C-alpha cells in the first residue's frame, strides 16, 4: 500500500497479510478502518498502517470477511512483539509496519466505547 500525501510525501507500507486467499472486500476494509482510525484521532500514516493490518486479515479468509476489534488488536500486537522493523522492499523512505502507540490506543478507545 502506498500513501500519497499533500506536498508530495509518499509513504510505502508493505503488506502484513500472512496468506492471501480472497481479496473480496479488502478495499472496503481499508477505507473503513482508515476512516475509523482517523475519526479516533490517528494521523493519516498511522491510520493507513492500521487499515493495512485490517485488510491483511480479511484477505486471509475465503469469501467476504469482517475484522473484529480483538483480531485487529491481536495482529498488531503480534507484529509489534516481533520487533519487526522491515522496510519497504522497493527502497524509498520505508515505514515501520505498525502504527504509533498513540494511534493504536486512540483507535482501541473507539471500539471500547461501543
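Among 43, 49, what is the fewest-to-most ranking by other Cβ atoms within 10 Å? Show your work: numbers first, answer last.
Values: 43 15, 49 29.
Ascending Cβ contact count within 10 Å gives the list 43, 49.
Report, in whole Å, the centroid distance computed from the Cα atoms of the range 48-70 and the range 5-41.
10 Å
Kindly put 18, 80, 75 in sequence by how many other C-beta atoms sit within 10 Å of each C-beta, fewest to most. Don't skip to the answer; put the middle values down first.
Values: 18 11, 80 15, 75 19.
Least crowded to most crowded, the residues run 18, 80, 75.
Values in this text are rule-based calculations from the coordinates and carry no lab data. Just so it is clear, the model here is predicted, and its values are computed rather than measured. Backbone-built Cβ (ideal geometry, glycine too); neighbour counts: all protein chains shown.
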